[in-house]
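The values are calculated or read from the model by the stated rules, or taken from the named source; none is laboratory data. Just so you know, these numbers come straight off a predicted model, no measurement behind them. So basically every Cβ, Gly included, is an ideal-geometry build from the backbone, and we count neighbours across all protein chains shown. With ligands, DNA and RNA removed, areas are computed over all heavy atoms of the protein, side chains included. Shrake-Rupley method; radii C 1.70, N 1.55, O 1.52, S 1.80 Å.
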Amino acid sequence: MSALDAKIKFNIEAAEHELFRDENIRRKRRDSRARTLTILAVTGVVVYFICLFLPDNITVNAWQHNLAWYFEMTQKNISVFFNTLAGREVSSTRWHISQYIIVALVGAALSVNGAVYQGAFRNALASPTTLGVQTGGVLGGTIYVLFVYREPEMNAITYALEEARNRSLFERFGQAFFIMAGCFLMVAFVLFVARRMSGGGRLSSIGLILSGLVFGGAAGSALGLIQYYLLMNDPEGSRTYALRYMMMGTFDYVFTPLHLLLIGAPIVVCIAIVMLLRRKLNLLAFGEDEARTMGINVDVIRRIAIGVSTVLTAVIISFCGMIGFIGFMVPHVARRMVGPDFNYLIPGSALLGALIMMVVFHVGRAFGLASTIGLMTSLVGGSIFMVILVYYRRRGHADWA
Amino acid sequence: MPIGLDAAGVPRNNHKRYMRLLLGGVLLLFALSLCIRIASRGFQSPADVFKSLWLWADIHISRLTHGGAWLNRSALMAERGVGYYEAYGRLLISGVTFVCGMLLALAGSIFQSVFRNPMAAPSMLGVGTGIQAGLIVMALTYGEATLYMPLEKYTYCYAFALTMLALVMGVAKLSSGKRKFSVFDLLIVAAIVSQIIGGVTSYFVYGMDNSFALVLQNLSNVLNVNTEPVSIAMLAAVTALTVIPFFLMRFSFNAVCFDSDESNSMGLNTRVVKFISLVLGSLMMTAGMVHCGAVGMVSLIVPFISRGLFGAESRGLFWGNLLIGGLVLLLCRDIAFFVPFSVDGMPIGTVVDLVTLPVFVAVITGRRRTWE
Amino acid sequence: MKLEIRNAACGYGKVKVLENISFGVSTGEICCLLGPNGVGKTTLFKTLLKLLPPLAGEVRIDGQNIARWTARKLARYTAYVSQFHVPPFPYIVEDVVLLGRLNSVGYFGQPKQHDYDIRDKALADMGIEHLRRRVYTDISGGERQLVMIARALAQEPQMLVLDEPTASLDYGNMVRVISQVKALTTKGYGVIMTTHSPDQTFMTDAKVVLLMKNAPAICGGAADVVTKKNLKDAYGVDVNVVEFADANGRIARVCAPTL
């Protein structure tokens, strides 16, 4: 480590110390942040098993259920689980084991995305949902489905891996590339217009939100057009379903260990990169100029952070479709629990997001809504959004106007 | 530099000329729009155009020969053949489109003045979303029959529009506490609500049996305009009810641009005016969207254009909005006819969105940043 | 015309901000309200303009209690210019001034030639005819204030109520606005204004109402009220009131704080 690096590191630490001094003192007294993270992690594991063991088909023959039925089903699920692990039995539970891990990982990734967007844009309202990035990704994927690859599947990647081994790499992953291109184009448009609107200097909230609204709305209306076209021409066709799964957001098509590997690897790598950037994100969140005077290349850091999160968004869309508002809502709640320091905020939102996603998925499946998880999260998340808005504004936090 | 200003930033005093030009443009476009036959996908040949024009003129001649009475459609069809009927229907559709454009633009301008922010168009504040929600509920309740129930459509959509507006304003009011009411909060809350409604919509679009009807409804296919006499009468009644008050108040409506203390000290009670404006503005928006579908963006864009041409004073703005609103929507509908997207042309809602997007980006990245 | 406030108490709801205020202003006079932040100047203004009901006492115009007047009737006597007003839309100056006619034109009327003449006169009175075709949002703060005063004049009131007409203006603009305000009194208008600068009371040779926290207000001529002792009582700082003669031998006073 050169002397300059050492100096920068020292500066960052000193600044962090300064920035979080009050917060740190308050927190240290209760020594709560690490404990909160542990509690979250333990709860996450417990929820994972609860989700696996509790019956998830309660709407089937619901009038016959009583408490005994629940006990019986739970007992059965537990025994099936252990039999499956031991290889004594083959049942659908073996799919659930990896599916719930995927759900947890996706929840974590979405929440970390939200936290990173909020830090990098320095804006409490930024998230892939509110900036229209998800809609852009879906539009990209739909364009691929419509114009490039005319025989798509419900989930291009899944299908390509399992049943179309003789297809080219582009045919297998083309949709994912298009989704990624859509996401990045959307970020670029939104950033460009927001820059122009705020005329240099700090990105104004209204600029971000408005341009997100406009471009998201335009992408949405283009999607509507495509949807209309597909429904007119082949209402039961596979392309309609491809669009449908992307719009509604669902985990129905990802459940094997192979999927787990495919989704898990990019998520873990991206979260690891974000964790490496956490200290710089801290400084970025508190002021660009301060960070710049400490010798940090702000633009590079910001681009890396936004780029990594956008890749993550695209990965999630290509496997599970559009799942809105988790990324917006979870970081706000996590910030209440572990404070604004990215050291704790990133793991905190990851754990909380995983927890919430698993619960939402399980409840959705229990009530037969598993194929519309995206809709459920936006209903729940949208309502919580308004509560957060009222709460923050009333207390005079977050001058995001 | 906005249109209508010279190099020194001084407005050119030629509103009258703009108005005349615009009126000419409207008439020309209206005539062209009449020429496009309803069943065809755009112009087929110049001869067709002239034939349609002649047919249209002939209807009026036949009206004279029949002692000044308008023929009803079946009589017209029986006597003159189907071509007349098409031209006649096209006349009605163009007229309805023009009136809807007028209403939407006026509603947009009214909302912007009431909230004193150029971004606060009804389509941005949840009114448009509410109307769409009303249509969804109707389609769920009545199925395809929705298309032929103008009165119920009005009732549902208007109720939902007002509810949504009240909800959005309520949340924004709650969140602003004792501070000044922030339009920005309104925009955010409305955006979130519209995202949720959008999700629910797409759920039903895929989940329902009569998904076609809903999609048609939602995206406002060009064939969607209902030219039943009841529907036309409703539109006429709503137009009279909403436009006449604002015509009479076109000077005093300026007062809402002042804050309530100032306008009170000028002897005008703007609270009442604002309340009535929101109620009537939502009704205008409902009328526009019930007859033409998801074309709410007109209400955001047109006031910007007419403010650039005619200035901010609301007497000029009133006429400018009426003319340009009608013009823009008519133009969009004609584009929708031309584009060979499907048998019925392109959904007009998408055309409106795509046509207005560049204008909107130009406005928000422009020099005058008055929305903050 | 004479506007009087008698033993008034002002406040919001049941919270009294000011108590026992009495003073009167006639046409041809300027009355300056001085006082520290939060003492209730704006509240007093709102009570004067009937935007808030007085909690006690009464406001009278020519001996009549205004409590039962309609807003339109009151607007024929008083015109209000708020602290800083920026209309959200790019109005043209002459249109802004024409809006002063809203009171006499009413909800459903249209301005007639007579109203346009009054607008032109108001523009001429404030000396801003050169601005008439400019866009209101583009002109400077001082010009904007003059436009708003012209708007108030177009209302044809007898009394102008100005809330800090010189707030956030640079020095030159401040002097220009104040001199125009002073010129108005010679044209027969009465002026009530708030200000944070005691110097302005000397410039305009005004009647002063000095509002204080926890003490009754002091009314009187500028020379009597704006004194070292009173300023110390009101603001809690030491200010010297200096008298000097300019090159023409006119006596003038300024306030000079010593630090």
Order of exposure, largest accessible area first, which applies to B:R271, C:R101 with probe 1.4 Å: B:R271, C:R101
Taking a crude spin-label model, label points 7 Å out from Cα along the C-beta direction, the A:W69 to A:R88 distance in nm is 2.8
Per-residue mean of other chain beta-carbon atoms within 10 angstrom of the beta-carbon, peptide B:290-299? 1
Given R₀ = 22 Å, FRET efficiency for A:L261-A:V148 by Cβ-Cβ distance, to 0.05? 0.25
How much FRET efficiency would the formula 1/(1 + (r/R0)^6) give for A:V268 and C:D205, where r is the Cβ-Cβ distance and R0 is 45 Å, rounded to 0.05? 0.05
Within 10 Å of each Cβ in B:309-317, the average number of Cβ atoms from other chains: 4
Approximate spin-label separation B:T163-C:T27, in nm, with each point projected 7 Å along Cα-to-Cβ: 5.7
For an R0 of 22 angstrom, estimate the FRET efficiency from the Cβ-Cβ distance between B:L27 and C:R133 and round to the nearest 0.05. 0.10
Any residue on another chain or 5+ positions along whose placed amide H is under 5 Å from the amide H of C:K2 is listed here as C:D62
For A:H65 the rounded accessible area (nearest 10 Å², probe 1.4 Å, non-protein molecules ignored) is 40
What does the average come to when, for each residue of peptide A:124-137, you count the partner chain Cβ atoms lying within 10 Å of its Cβ? 1
Using heavy-atom solvent-accessible surface (probe 1.4 Å) with all chains present, what is the largest-first order of C:C255, A:C320? C:C255, A:C320
Identify which of C:D163, C:D117, C:D246 has the largest mean-square fluctuation in a Gaussian network model of chain C, with springs joining Cα atoms closer than 10 Å. C:D246
Expected field for C:W69, accessible surface area in Å² at 1.4 Å probe radius, rounded to 10, holds 20
So, counting K/R as plus one and D/E as minus one, what does the shell of residues with Cβ under 13 Å around A:V187 add up to? +3
Which of the three applies to the range C:216-259, rounded, prolate or oblate, going by the alpha-carbon gyration tensor with a ≥ b ≥ c and a/c under 1.5 meaning rounded? oblate
Rank C:D95, C:D120 by accessible area, highest first, at a 1.4 Å probe radius? C:D120, C:D95
Name the residues whose placed amide hydrogens come within less than 5 Å of the amide hydrogen of C:E58, ignoring near sequence neighbours (fewer than 5 apart) on the same chain. C:R6, C:A8
A correct Karplus calculation of ³J(HN,Hα) over the range C:189-204, with 6.51 cos²θ - 1.76 cosθ + 1.60, θ = phi - 60°, whole Hz and x for Gly and Pro, returns 8, x, 10, 10, 9, 9, 7, 9, 10, x, 4, 5, 5, 6, 4, 9
Centre separation in Å (Cα based) which lies between the range B:100-155 and the range C:76-101: 33
Amide H neighbours of C:V17 under 5 Å, counting only residues 5+ apart in sequence or on other chains, H built in-plane at 1.01 Å? C:C10, C:G11, C:Y12
Net charge contributed by nearby residues that have their C-beta within less than 9 Å of C:K41 (K/R +1, D/E -1): -2
Hey, got a sec? Which trypsin sites (Lys or Arg not before Pro) in the range A:70-106 land in a DSSP loop and have at most 13 other Cβ atoms within 10 Å? A:R88
A:D299 paired with C:E19, simple spin-label distance in nm, labels 7 Å along Cα-to-beta-carbon: 6.4
Within 13 Å, Cβ to Cβ, of C:K228, how many net charges do the neighbouring residues add up to if Lys/Arg are +1 and Asp/Glu are -1? -1
For a quick check of understanding: with a 1.4 angstrom probe and all protein chains in place, what accessible area in square angstrom does B:S314 have, to the nearest ten? 20
